[in-house]
Amino acid sequence: MSESTLSSRTYQARTIRVGLYFSLLVIVAFWMTLPPATRELRYAQVLLAMVNTIGYLGSFRLPRLGVAASICATSVAWAAGLTSEPFLVAALALFLYAQRRPNSRFPRLLLVAGALLLLAALVLAVDQIEHVVRYLILSAMALGSAWGFGLYVGLVRLEEQDRARLEERLRLSGEVHDLLSHSLGTIGVRAGVATHVQRPDSELRETLRDIELTARSGVQQLQGLLTRELDQGSPAMRPANNEKDWSLLTEVQDIVAACEKASLEVRLEYDETVEDLSESVRTTIKRTILELATNVIRHAEANTVQIRVTRQNEFAVVHVMDDGTGSMSRLGPGHGLTLMRQRLQMLDGTIRFEDREVGGLSVTARIPIDQSETE
């Protein structure tokens, strides 16, 4: 059972419980304070009060019928002098109805019932016209306010759901990009080299074997991602191995190995104290390095790349430099760079691109460290 289903059921159970308490309070305050003249009227009063409450409960399954039952019970009781309640329980049921259907119109049945009730009150209670008008105005305010507030809450909830779905799509697209972009980029570079360079058969077979292993690894990671999504819904940011305790150094070394297979010389500087940082920071570091290394492999035409991961005061710093042909003028708003910036912004991090005098790009990402989240 998903977390959203559990939270929905919990919310409904709490709403029912609060509504029952409210209904009992209304019955005591507006029904029981008007003692009827006969025992039969007392029975009728209790019965109508029960129908009023049952109408509220029924509004969860049959909204219109529940609201109508509550309004009818209150109307009959008021006409018989058995209650002075200004449709408060019905207003609560109407609020829940509007909240679940924020795009619907005000029920015409209630408009007709209100018009008939007004007409009957004016005909039968001419001698108490001021009291009747005051009661009807108060009732109309209660029902109208409940309807309007219910629509507002429902629309806000719809917007939150739409925003959550959009964020989930962006998160999933980022996961897929991270898993496949690096693998496919490496495959493309290795395949291009194997096509244009004369090599012994043994070395060519080794290159093709690396391409095969990279492709298999990418597919397996994608399958693992989809399996996690089906089994766990929307997990928090975590590395592809999906382990609670994982080594960032091992992940970075895998990226370095992929760069070396793409004929890049890699110089790695790694501060082991970074391993003590929270999982969200380490995961962002890994994905930042992965995106930058992938861009170097695919676009930079570089010979060497330097990767430095350090911890400086209250920041984790990732520094990636290459000696390729890339420059700030050629840096476009790619999908991967956009996702990388968004991940850094989620942790209040920053990233800076600079041209190197010797050629290539220098990229520095800084991620604030929350000392309370260090592991």
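The values are calculated or read from the model by the stated rules, or taken from the named source; none is laboratory data. Just so it is clear, the model here is predicted, and its values are computed rather than measured. All Cβ positions, glycine included, derive from the backbone under ideal geometry; neighbour counts span all protein chains shown.
For segment 249-289, enumerate the residues that are in a helix (DSSP H, G or I), closer than 18 Å to Val305 by Cα and of a type in the set (A, V, I, L, M, F, W, C). Hits for segment 249-289 are Leu249, Val252, Ile255, Val256, Ala257, Ala258, Cys259, Ile285, Ile289.
Can you spot a residue in segment 315-324 that is in the same structural domain as Gln253 (by TED's automatic domain parsing), in a helix (DSSP H, G or I), more than 29 Å from the chain's Cα centre (by Cα) and of a type in the set (A, V, I, L, M)?
There is no residue in segment 315-324 that is in the same structural domain as Gln253 (by TED's automatic domain parsing), in a helix (DSSP H, G or I), more than 29 Å from the chain's Cα centre (by Cα) and of a type in the set (A, V, I, L, M).
For Ile307, are the conditions met, namely being touching an Asp or Glu at 6+ places or on another chain (Cβ under 9 Å), over 30 Å from Glu168 (Cα atoms), modelled with pLDDT of 90 or more and surrounded by 19 or more Cβ atoms within 10 Å (Cβ to Cβ)? So Ile307 passes the test.
Residues being surrounded by 15 or more Cβ atoms within 10 Å (Cβ to Cβ), at negative phi and modelled with pLDDT under 80 are entirely absent from segment 138-154. With respect to the conditions (1) under 16 Å from Ile351 (Cα atoms); (2) free of Cβ contacts under 8 Å to residues at least 12 places away in the same chain; (3) of a type in the set (S, T, N, Q), Thr288 lacks only one, and its number is (2). I'd like to verify a number: residues in segment 278-302 that are closer than 17 Å to Arg356 by Cα and acidic (Asp, Glu), how many? Number satisfying all stated conditions: 1. Please go through segment 319-342 and give me each residue that is modelled with pLDDT of 85 or more and of a type in the set (Lys, Arg), ordered by number. Within segment 319-342, Arg341 is the sole residue that qualifies.
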